[in-house]
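The structure under discussion appears below in the form of structure tokens.
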Amino acid sequence: MTLVVDPESVRLRQLVAAEWSKLWSLRSTAWVLGVGALTVLGINVNAAVSNADRLARQPPPPSGSSVLPEMVFDPLHTAFVEPAWQLLIVLTAAVGGAVVFGEYASGLIRTTFAAVPDRRALVAAKVVVVSAVMLVFGAVVSGASFGITQGVLRDHGGLSPGDPGALRAVAAGALLAPVCALVGMAVGAVVRHPAASVGAVVAVLVLLPALFQGERHRWVKEIGNAMPLSAWRRLVVNPERTHGLGKYPLTVAEAWIVYGAWAVVAVAVAVWVVGRRDV
């Protein structure tokens, strides 16, 4: 029996190995991801510790009294404090963008295109590497954030992975990293300039959702709902604390669709731009 080896698959594996080496050859990659992970965890753990201290000093409500739903403490929120995850969005998008704009800025892209004329295969290798690295990064940060914060709050209603919405929230945090990194790649391919690319991803992924949060006009809110940050907000909501979702909330299914759509469109844009534009 003759073993047939597909040369295209061999070529792709070689490209993936080369992109992996290029990503980790930059010392800034490990530093940015390491410091970023510790910062995100630090913000969330600090929120958990502060809430645990406050709850320990707070007297219990009188017997038979009713408490408004919005006043009930939600331990899941401490694992997903929004400023911490906005920082993760910016960091992962910047690293994803650097995979592309770094080569344009240094001029290495000319050598890369000369060695790999098939630009679609080149972008595919970059997508594989960035997606894999960021998925692991996001899973570690999200899982650690949930585990540590809920451990701190174990005497104040801390959740376990089996509680409603817990695993969904962890998965949402884990997948947010590769989605934003792919968006960063697309922006890096379009803009090609380091500072401008980082500024653009901050504007698209962090500032735009803030501009489209009003509910006076439904179309404004629907645009905001189509942003990855808004989808993440919906996915990390405790299913038992859905009173504050507003007039035009995303469903859980729609939030997952937003994640997938941004990832697919980002990859398509990166492939199209790198394949069409000259150096």
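The values are calculated or read from the model by the stated rules, or taken from the named source; none is laboratory data. A quick note: this is a predicted structure, and the numbers were derived from the prediction, not measured. Positions of Cβ are backbone-derived with ideal geometry, glycine not excepted, and every protein chain shown enters the neighbour counts. Please note that ligands, DNA and RNA were not included when accessible areas were found on the heavy atoms of the full protein model with its side chains. Shrake-Rupley method; radii C 1.70, N 1.55, O 1.52, S 1.80 Å.
Only one of these conditions is not met by Ser160: (1) open to solvent by 20 Å² or more (accessible area, probe 1.4 Å); (2) polar (S, T, N, Q); (3) touching a residue at least 12 places away in the same chain (Cβ under 8 Å). Which number is it?
So the condition that Ser160 fails would be (3).
How many residues does segment 163-175 hold that are open to solvent by 50 Å² or more (accessible area, probe 1.4 Å) and in a helix (DSSP H, G or I)?
So the count comes out to 3.
Working only within segment 135-157, note down all residues that are among the β-branched types (Val, Ile, Thr), open to solvent by 30 Å² or more (accessible area, probe 1.4 Å) and either farther than 17 Å from Pro178 by Cα or touching a Cys at 6+ places or on another chain (Cβ under 9 Å) (or both). Even if it seems obvious, please write down each step before you answer.
The first filter runs over segment 135-157 and keeps only residues among the β-branched types (Val, Ile, Thr), leaving 136, 140-141, 148-149, 152.
Imposing the further condition that a residue be open to solvent by 30 Å² or more (accessible area, probe 1.4 Å) reduces the set to 136, 140, 148, 152.
Answer for segment 135-157, where residues must be among the β-branched types (Val, Ile, Thr), open to solvent by 30 Å² or more (accessible area, probe 1.4 Å) and either farther than 17 Å from Pro178 by Cα or touching a Cys at 6+ places or on another chain (Cβ under 9 Å) (or both): Ile148, Val152.
Return a yes/no flag: does segment 146-167 have any residue that is farther than 18 Å from Trp20 by Cβ and among the basic types (Lys, Arg).
So the first thing to find is which residues in segment 146-167 are farther than 18 Å from Trp20 by Cβ, and the list is 146-167.
With the extra rule that they be among the basic types (Lys, Arg), the set shrinks to 154.
Checked segment 146-167: at least one residue is farther than 18 Å from Trp20 by Cβ and among the basic types (Lys, Arg).
Do you know which residues across segment 143-157 are in contact (Cβ under 8 Å) with a residue 40 or more places away in the chain and assigned to a helix (DSSP H, G or I)?
Step one: of segment 143-157, the residues in contact (Cβ under 8 Å) with a residue 40 or more places away in the chain are 144-146, 148-150, 152-153, 155-157.
Hits for segment 143-157 are Ala144, Ser145, Phe146, Ile148, Thr149, Gln150, Val152, Asp155, His156.
Can you give me the ranges of the helices (runs of 4 or more DSSP H) entirely in segment 207-274 with at least 3 residues that are loosely packed, with under 15 Cβ neighbours inside 10 Å?
Working: elements: 208-211, 218-225, 228-235.
Those helices (runs of 4 or more DSSP H) span 218-225.
Hey, can you tell me all the residues within segment 93-118 that are outside any helix (DSSP H, G or I) and either open to solvent by 30 Å² or more (accessible area, probe 1.4 Å) or in contact with a strand residue (DSSP E or B) (Cβ under 9 Å, 6 or more places away or on another chain) (or both)?
Of all residues in segment 93-118, those outside any helix (DSSP H, G or I) come to 107, 116-118.
If the condition is that a residue be outside any helix (DSSP H, G or I) and either open to solvent by 30 Å² or more (accessible area, probe 1.4 Å) or in contact with a strand residue (DSSP E or B) (Cβ under 9 Å, 6 or more places away or on another chain) (or both), then Pro117, Asp118 are the ones that fit.
Against the condition in a helix (DSSP H, G or I) and either over 21 Å from Gly96 (Cβ atoms) or open to solvent by 40 Å² or more (accessible area, probe 1.4 Å) (or both), how does Val202 come out, does it pass? Give the derivation first.
Details: in a helix (DSSP H, G or I): yes; either over 21 Å from Gly96 (Cβ atoms) or open to solvent by 40 Å² or more (accessible area, probe 1.4 Å) (or both): yes.
It is true that Val202 is in a helix (DSSP H, G or I) and either over 21 Å from Gly96 (Cβ atoms) or open to solvent by 40 Å² or more (accessible area, probe 1.4 Å) (or both).
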